[in-house]
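What follows is a short report on a single structure.
The values are calculated or read from the model by the stated rules, or taken from the named source; none is laboratory data. Remember, it's a predicted structure, so these values are computed and weren't measured experimentally. Because the Cβ atoms are built from the backbone with ideal geometry, glycine has one as well, and the counts that use them run over all protein chains shown. The accessibility values were calculated without ligands, DNA or RNA, using every heavy atom of the protein model including side chains. Shrake-Rupley method; radii C 1.70, N 1.55, O 1.52, S 1.80 Å.
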Amino acid sequence: MIVGTKGRGSNMLALVEAGRHGKMPASVELVYGSNPEAPALSAARETGVPVASFSDRETDFDALLIGLLRGYEIDLVCLAGYLRLLPPHVLHAYRNRVLNIHPALLPKFGGKGMFGHHVHEAVLAAGESESGCSVHYVTDAYDEGAVIHQLRCPVMPDDTPDSLAARVLALEHRAYPEAVGMVLAGLTSE
């Protein structure tokens with residue numbers, strides 16, 4: 001699992017719990033983050049999952065990350081709140097085995113800069129009647145990989161970015177473990 005530097009790690013924790021309680025046919029074996037002080041890494045440490053951290057700006061980042069993943073015998077990589085593109089060598093080494101979760105119904109409201117409240121603000125500004133989350137394969141472009149799984153919720157007339165975000169986040173915690181199960185069962189088209 002690769003986590004971002006600003007999030008609390010709630011999607012990572014949802015995957016850890018789903019694995020531990022038999023709600024997905026996998027377990028989180030490693031959490032990597034580029035900032036050792038990230039709240040998500042602290043949360044991972046509290047669960048007892050091994051944590052690794054080194055800068056994603058290292059010149060040999062791709063080799064370091066691939067080595068780390070192989071050292072832990074990682075089969076599937078799940079991104080959560082990681083806002084940079086993974087290097088092509090990593091995507092090649094883990095072809096069709098890198099997933100991400102996005103807080104909107106892709107292909108709408110995706111792309112560079114579309115994360116967190118930016119997404120929910122855009123959904124509300126567009127007057128959408130529904131929103132949700134998408135789990136998708138990671139490619140060399142932001143949010144353009146094939147969608148594996150989506151869950152939906154209505155946009156309420158009095159929604160704020162915060163209220164919509166809370167409803168979507170609850171869906172994310174269900175969708176990500178379900179998508180991991182689908183991928184491992186070979187139920188996707190990629």
Extreme residue, positive dipole direction of the chain, given options 138, 155, 25 (C-beta unit charges): 25
Protein-only accessible surface order, largest first, of 173, 120, 92, 21 at 1.4 Å: 92, 21, 173, 120
Within the chain, what percent of beta bridges assigned by DSSP are antiparallel, to the nearest 5? 50 percent
Magnitude of the Cβ-charge dipole of the stretch 144-190, K/R +1 and D/E -1, about the Cα centre, nearest 20 debye? 180 debye
Treating only the Cβ of Lys, Arg, Asp and Glu as charged (+1, +1, -1, -1), what charge dipole size does the chain show about its Cα centre? Round to the nearest 20 debye. 220 debye
What longest region of the chain stays clear of trypsin sites (Lys or Arg not before Pro) that DSSP places outside H, G, I, E and B and that have at most 11 other Cβ atoms within 10 Å? 113-190
Summarise the accessible area of the stretch 45-190 (1.4 Å probe, protein heavy atoms) by the percent that is carbon and sulfur. 53 percent
Using the heavy atoms of the protein chains alone and a 1.4 angstrom probe, what is the accessible area of the stretch 88-162 per residue in square angstrom? 51 Å²
Can you give the Kirkwood hydrodynamic radius for the stretch 18-59, in Å, rounded to one decimal and based on Cα pairs? 11.3 Å
Would you report the distance distribution of C-alpha pairs in the chain as whole percents per 5 angstrom bin, up to the bin with the largest distance? 1, 8, 17, 21, 21, 16, 9, 4, 1, 0
Where the only charges are on Cβ atoms (+1 Lys, Arg; -1 Asp, Glu), what is the dipole of the stretch 82-190 about its Cα centre, to the nearest 20 debye? 380 debye
Phi angles of the stretch 72-81, converted by Karplus (6.51 cos²θ - 1.76 cosθ + 1.60, θ = phi - 60°) into ³J(HN,Hα) in whole Hz with x for Gly and Pro, give 8, 6, 6, 9, 9, 10, 10, 8, 8, x
